[in-house]
Amino acid sequence: MQIPTAPSPETADAGVQVRPVSGALGAEVLGVDLSQPLSDEAFAAIRQAFLEHLVIFFRDQAITPAQHRAFAARFFELDSHPFVQGLENIPQILEIVKQPDEFRNWGGTWHADVTFQPDPSVGAVLLAREVPDYGGDTLFANMYLAYETLSDGMKRLLEGLEAVHDSGEVGAFYANFKGMRATSGSRTQSVHPVVRTHPETGRKALFVNSVYTSHFKDMTVEESHPLLHYLCSHAVRAEFTCRFRWRPGSVAVWDNRVTQHSPIDDDFRARKGDAGFRRVMHRATFAGERPV
Ligand code: SIN
């Protein structure tokens, strides 16, 4: 078995400090004010941290939706969500709203974003606009580690295997969220390799998730289930994850090619039928690329 690579210790470049938050992935980036123009050197250090740590976090960023979009657009081109409308004046920013009487977060299960699309998004920049003092944290998991910790026999079995990713019924994206509005997009399916190679790092990562991956190509759902269930459970083992506690103005930037994420549905007051917390996030989503 290949020994997984550990994150590098704290680094600093162009006034940007990068502090890992777990043994698996994730790093806090300090010394950056995203409301101010970023030098090329500072942005290069941030982009390097993104590639190395897979998800990076910033605190206390007082930025407008336009500044949010501009920061995200320095990484990659942006895309809107196929099924949920963005902000009226800035369609590339998706407002993710959990009302106080809703107990689920939008996307509240382990997944990578929009993998049902032929060119799934490369990542996203998520900004906390309104979050409770506690609750509604987000978990992230490292799909390089998910792949690298498989046995050689399993890696050989997965070589060349492809899987079908299915959006399911489009209504599921907004019907249970009173604060979210539909587009006219329709159900989408795509086939992707089960193991993909990151185009910049050259590392291999497991690319299945329990929300969108429905079955292996040329197999039935029933035939696929045991192995797919194993891979999806293995991928999010606790030791492959980090957990981020939001504050208003916190920002997370993740590489959707090699991570999964899951906002935690822990609003137990709302679950009992009492008033819970409101959680409002703004997401700028990077455009996609074909997984290979
Ligand atoms: C998402 O899946 O993009 C939302 C993540 C979150 O709200 O924490």
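Among the residues of segment 82-115, those that are under 15 Å from G179 (Cα atoms), more than 9 Å from the ligand (Cβ to nearest atom) and touching a strand residue (DSSP E or B) at 6+ places or on another chain (Cβ under 8 Å) comprise F83, V84, Q85, G86, L87, I93, E95, V97, R104.
Note on segment 128-142: residues that are under 15 Å from H261 (Cβ atoms), more than 13 Å from the chain's Cα centre (by Cα) and outside any loop (DSSP other than H, G, I, E, B) total 1.
When you check A235 against the structure, is it of a type in the set (G, A, S), touching a helix residue (DSSP H, G or I) at 6+ places or on another chain (Cβ under 6 Å) and away from the ligand (no atom under 15 Å from the Cβ), yes or no? Yes; evaluated as a whole, the condition is true for this residue. Against the list (1) touching a residue at least 60 places away in the same chain (Cβ under 8 Å); (2) away from the ligand (no atom under 16 Å from the Cβ), the condition R74 fails is (1). Of all residues in segment 200-221, one or more are hydroxyl-bearing (S, T, Y), within 19 Å of A124 (Cα to Cα) and more than 16 Å from the ligand (Cβ to nearest atom).
From the residues in segment 47-92 that are aliphatic (A, V, I, L, M) and part of a helix (DSSP H, G or I), which one is farthest from V170 (Cα to Cα)? This residue is A49.
Got at least one residue in segment 276-291 being within 16 Å of the ligand (Cβ to nearest atom), modelled with pLDDT of 95 or more, among the basic types (K, R) and more than 27 Å from F76 (Cβ to Cβ)? Looking for residues that are within 16 Å of the ligand (Cβ to nearest atom), modelled with pLDDT of 95 or more, among the basic types (K, R) and more than 27 Å from F76 (Cβ to Cβ), one finds at least one in segment 276-291, hence yes. Scanning segment 6-54 for residues that are modelled with pLDDT under 95, hydrophobic (A, V, I, L, M, F, W, C) and loosely packed, with under 15 Cβ neighbours inside 10 Å, we see that the one that is farthest from A72 (Cα to Cα) is A6.
If the condition is being within 22 Å of Q117 (Cβ to Cβ) and aliphatic (A, V, I, L, M), then segment 220-245 contributes V221, L228, L231, A235, V236. What residue, of K204, K178, K217, is out of contact with any Leu (no Cβ under 7 Å at 6 or more places or on another chain) and free of Cβ contacts under 8 Å to residues at least 60 places away in the same chain? Step by step, each of K204, K178, K217 is checked, and only K217 is out of contact with any Leu (no Cβ under 7 Å at 6 or more places or on another chain) and free of Cβ contacts under 8 Å to residues at least 60 places away in the same chain. On the stretch given as segment 238-258, residues that are farther than 24 Å from E289 by Cβ and touching a residue at least 24 places away in the same chain (Cβ under 8 Å) total 11. Of everything in segment 181-196, what is surrounded by 15 or more Cβ atoms within 10 Å (Cβ to Cβ), in contact (Cβ under 8 Å) with a residue 60 or more places away in the chain and not in a loop (DSSP other than H, G, I, E, B)? Give them in sequence order. S190, H192, P193, R196, listed by residue number.
Considering each residue of segment 184-194 in turn, none proves to be of a type in the set (D, E, K, R) and within 17 Å of R257 (Cα to Cα). The set of residues from segment 102-124 being surrounded by fewer than 19 Cβ atoms within 10 Å (Cβ to Cβ) and among the β-branched types (V, I, T) comprises just one member, T109. Remark: pairs (first residue in segment 87-108, within 11 Å of A270 (Cα to Cα); second residue more than 8 Å from the ligand (Cβ to nearest atom) and of a type in the set (A, V, I, L, M); Cβ separation under 6 Å; 6+ apart in sequence or on different chains) = P100/A275; D101/A270; F103/A270. For segment 233-256, the condition holds for no residue, the condition being that it is among the hydroxyl-bearing types (S, T, Y), within 19 Å of S121 (Cβ to Cβ) and crowded, with 20+ Cβ neighbours inside 10 Å. Checking the structure you have, find out if any residue of segment 136-145 is under 29 Å from A287 (Cα atoms) and out of contact with any strand residue (DSSP E or B) (no Cβ under 6 Å at 6 or more places or on another chain). Checked segment 136-145: at least one residue is under 29 Å from A287 (Cα atoms) and out of contact with any strand residue (DSSP E or B) (no Cβ under 6 Å at 6 or more places or on another chain). In segment 125-169, the qualifying residues are those that are buried (at least 24 other Cβ atoms within 10 Å of the Cβ) and small (G, A, S), and the one that is nearest to the ligand (Cβ to nearest atom) is A141.
The values are calculated or read from the model by the stated rules, or taken from the named source; none is laboratory data. Since the model is a prediction, treat every value here as computed from it, not as a measurement. Neighbour counts run over all protein chains shown; Cβ positions are idealised from the backbone, glycine included.
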